[in-house]
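Sharing a structure with you now.
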Amino acid sequence: MPRALAVDHVRERWRMGPEARALTLVMVLVLVFGLAVLYSASAIMAEQENHNSWFYAARQLGGVVAGAVVFALAAKLDAERLSEWAWPLMWFTIVSLLLVLVLPESIAPRVNGSKRFLFGTSIQPSEFGKLGVIVWTSMLIVKKGDQLRRLTKGVLPFFIVIGVLDVLAALEPDLSVSMLYTLLLALLLFAGGVRIAHVVILGALAIPVLWSKVERLQYALLRIIGFLDPGQAAAQVNYQLRQSLIAVGSGGALGVGFGQGRQQYGFLPFPYSDFIASNIGEEWGFLGLAAVTLAFAAYALLGFRIARKARSPFLQLVAVGLTFVTVLTAYLHIGVVVGLLPTTGLTLPFVSYGRSNIILSMLMTGILVNIGSEKERVIGSGATDPMTLRA
């Protein structure tokens, strides 16, 4: 075949590595299981709201379809290009969080006492802010290089920018996401080689400010008190937790059976979102919760293996951040449901109801898959060594 004709038939594609393939399989399994759990947890409540029993599950399925498209695109686009989008992503996060606070409730509605959404409940900017924090922080760590070990020119700019996000999220109010942003920053700085003493100093200076914010948010203070001293807390403070523990406890080892749980009859508020793992504990038992826990442990193992083999320091940090935020959110959710942690508003990735959450989780997994893939040149229908193009 002439050289010119051969070149015309050459294209490049991404070939997934073994970790990327396994990660995709884990995501699909959790998604399928999550749709079943969501239907069981939401069917009765949907009927009580004059919808059909599939209302929430069908809307979630729409989010999964959109997420699948986003996942495929992210898996095929070079994740290295994210470094060019770091500042636009950060500005988008800041502006969207600000719009949530200042726009009228017709556009940014108040749901359960908080303003966290745009255009009904279609977009939750604080969720997509997680990706902005990861990409922007990773880019700046690599850009600063040795300067990262200096306090004023190295670490301080990170705390200023992420501090702005923390304040905006706290004003919604959403302290769970605000703390998650800070944890992400600390983890990535640690992975990037920052001096621990600098983080401790800035963290200590921020504690009085954060505590003053917590004191103004009575619900957050009551939740902390309710966790530390359950006997002294008002009954309504620990109501969700008590009902969740009843659900998990009644499930025993094997659960009461799919669709047979009682908490979704209205005893447990938001059984399909903030406390969906309690439905897993009730209907699927200890084995069900253990399986979900192990699935996210596998996600962590594969994600960190992908990070170790990443093509560049920037992608290493991005992979660490994406894996950390997904798995940490899952374990915090499960910890709340079984009473190991104070009540938060964190959802269970791939399982809890919420299209912003599901699309973001699949987007981040798609980026991880690309980081765990290698680019190869393809001639015709098969791959070949580029050296064979020589005349």
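Just so it is clear, none of the values below were taken in a lab; they were calculated from the coordinates. Keep in mind that what you see is a predicted model, and the values were worked out from it rather than measured. Please note: Cβ atoms are built from the backbone with ideal geometry, for glycine as well, and neighbour counts cover all protein chains shown.
To make sure I understand, if each residue's beta carbon is the centre and we count other beta carbons within 10 Å, what order do Arg308, Arg242 fall in, fewest to most?
Ordered from fewest to most neighbouring Cβ atoms within 10 Å, Arg308, Arg242 come out as Arg308, Arg242.
Based on the inverse mean of 1/r over its pairs of different Cα atoms, what is the Kirkwood hydrodynamic radius of segment 18-371, in Å?
Every distinct Cα pair counted, the radius reaches 20.9 Å.
Taking K and R as +1 and D and E as -1, what net charge do the other residues with C-beta under 14 Å from the C-beta of Val65 add up to?
Taking every other residue near Val65 into account, the sum is +2.
Roughly what would the spin-label model give for Asp78 and Ile196, points 7 Å off Cα along C-beta, in nm?
In this crude spin-label approximation the distance works out to 3.8 nm.
Any aspartates and glutamates with Cα under 20 Å of the Lys130 Cα? List them, leaving off those in the same chain fewer than 8 positions away.
Candidates past the 8-residue exclusion: Asp78, Glu80, Glu84, Asp166, Glu172, Asp174, Asp274.
Listing Ile276, Ile123, Ile160, Ile107 from the residue with the fewest other Cβ atoms within 10 Å to the one with the most, what is the order?
Ile160, Ile107, Ile123, Ile276
In the structure shown, do any of Lys76/Lys144; Lys76/Lys143; Lys115/Lys144; Lys143/Lys309 have a Cα-Cα gap over 32 Å, and if so which?
Lys115/Lys144
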